[in-house]
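For reference, the structure discussed in these notes is given below.
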Amino acid sequence: MLDAAGVKSIGELFSGIPESIRKDAEAAWKHSRHFLTPRSEQEVIEELGALAEKNARAVQSISFAGAGAYGHFIPAALNYILSRSEFVTSYTPYQAEIAQGTLQSVFEFQSYITMLTGMDLANASMYDGASACAESVLMAMRITGKHRILVSRALHPHYREVINTYTQGMDADVGYIPYDPQTGVTSVSALSGMIDETTACVVAGYPNFFGIVEPVDSLFRIAADKKALSIAVITEAMSTGLLMPPGRLGASITAMECQSFGVPLSFGGPYIGVIAAKKEFVRQLPGRLVGETVDKEGSRAFTLTLSTREQHIRREKATSNICSNEGLLAIAVAIYLGLTGKSGLMHTARVNHDNAVYLHDKLNEIDGITFPFKSPFFNEFVVRVKNLNHNYNALVKGGYIPGVMIEPYYDDMKDCLLVNATEMHTHKQMDRFVQKVKNISEV
């Protein structure tokens, strides 16, 4: 390459770069020659691993942050299957029936979702849980012809923001149902006083942002009495392995983030949202819907159903403006659930809950640590830490991400931290974290 460029050295090649901002190119070239000699794969991995360990401590931190993005175990077989070329490179075409393998995998995904949520049908190709939640609200407005939306204040604050964004410029009236400051549960009595015949839907987290398992059946009964739809929002999909499906609790629509099922944290995305609903609402369901049929020879076949041209080319008449395909992530979720199975999912969900209870009880032994809510939770909970800002920074320096500070979202929750534990946390890790918190609190 140097001969072709007509120069004698790397330094000469970069001579046009001012010396003040140029590194010693000759030295860098000599160092890079270290890898030009034959090396075994294991030696290269060890060498690169040693270099990687010089990166920021955040890479080595143990995280107890959840709040809608959860670190769960991903089986090695999942990425192996997902990396097959027909999955990685495929995009649902307009003549989708050609891609029978892709359609079947999405059909399996939708089937899993209906089993987990207790709903009649589910879609695919939603962006994430927050946009699925907002799309569910728009769907409820179309179905009912009403424009009043009642959202629990205990719903994830980011989801509430997305609802506000989607309904801007529309004839929509968004109201917020307060939560009980003692329990962290959405107030049933407050909803009774707020709802009326103009209400399109009631939206509540299940579990809510504080990790608390809401008694959503009570909220949904009140909604039904006023001919309003009920939307259950699941930000932690792993909870479906342990909790009663929302469809059996009266939900009309369920919006869910499926990131917990085989999708890595990836610094916040891409994630995979889904909407599941009752059968009578199928024509207002956005996204893609794969159905099962038979071909001309009577063999099992799959097809995109109820997908109109308006969805793609006539924006003002479409049920949704979502057209991008999240098929690869839907396939990842289907693979995860297929590998895990019903008993595996239930076991993993139980471990999540047990670990969160273990961590909660250990933190409860520390003086100065209190818990603002006394309600059942799944795998995360709110803890109040004295002098939180100082202690939070100290824990981060000590190699821990202790949770998510809540005060930026709730003014009345000063010094409160949302802490999460999953199957990825060992008792030894949690014990060390608790000891670190105790040592810092006593300073």
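The values are calculated or read from the model by the stated rules, or taken from the named source; none is laboratory data. What you see is a predicted model; the values in this text were computed from it and never measured. Ideal geometry is used to build each Cβ from the backbone, glycine not excepted, and the neighbour counts take in all protein chains shown.
For this structure, a couple of remarks:
- Residue match in the stretch 387-408 (condition: surrounded by 14 or more Cβ atoms within 10 Å (Cβ to Cβ) and closer than 13 Å to VAL357 by Cα): no
- Tally, over the stretch 62-80, of residues that are assigned to a helix (DSSP H, G or I) and buried (at least 18 other Cβ atoms within 10 Å of the Cβ): 1
- Checked against the criterion of being among the aliphatic types (A, V, I, L, M) and at pLDDT 95 or above, the candidates LEU103, LEU150 yield just one match: LEU150.
- Within the stretch 239-256, being of a type outside the set (Gly, Ala, Ser) and surrounded by 23 or more Cβ atoms within 10 Å (Cβ to Cβ) holds for THR240, PRO246, ILE253, THR254, MET256.
- Leading residue by the ranking (surrounded by the fewest Cβ atoms within 10 Å (Cβ to Cβ)) among those in the stretch 161-180 that are among the small types (Gly, Ala, Ser) and touching a helix residue (DSSP H, G or I) at 6+ places or on another chain (Cβ under 8 Å): GLY175
- Complete set of residues in the stretch 208-238 that are within 17 Å of LYS374 (Cα to Cα), in contact with a Leu (Cβ under 8 Å, 6 or more places away or on another chain) and of a type outside the set (A, V, I, L, M): ASN208, PHE209, PHE210, GLY211
- Scan of the stretch 337-394 for residues that are acidic (Asp, Glu), over 19 Å from the mean Cα position of the chain (by Cα) and within 20 Å of TYR70 (Cα to Cα), ordered by number: ASP354
- Flag if ALA27 is over 44 Å from the mean Cα position of the chain (by Cα) and either assigned to a loop (DSSP other than H, G, I, E, B) or at pLDDT below 80 (or both): yes
- Looking only at the stretch 418-443, and only at residues there that are of a type in the set (Val, Ile, Thr) and not in a helix (DSSP H, G or I), the one that is surrounded by the fewest Cβ atoms within 10 Å (Cβ to Cβ): VAL443
- Tally of residues being of a type in the set (S, T, N, Q), over 17 Å from the mean Cα position of the chain (by Cα) and not in a helix (DSSP H, G or I) across the stretch 121-152: 1
- Residues of the stretch 349-404 satisfying the condition of being touching a strand residue (DSSP E or B) at 6+ places or on another chain (Cβ under 6 Å) and either assigned to a helix (DSSP H, G or I) or assigned by TED's automatic domain parsing to the domain that holds LEU243 (or both): HIS360, LEU363, ASN391
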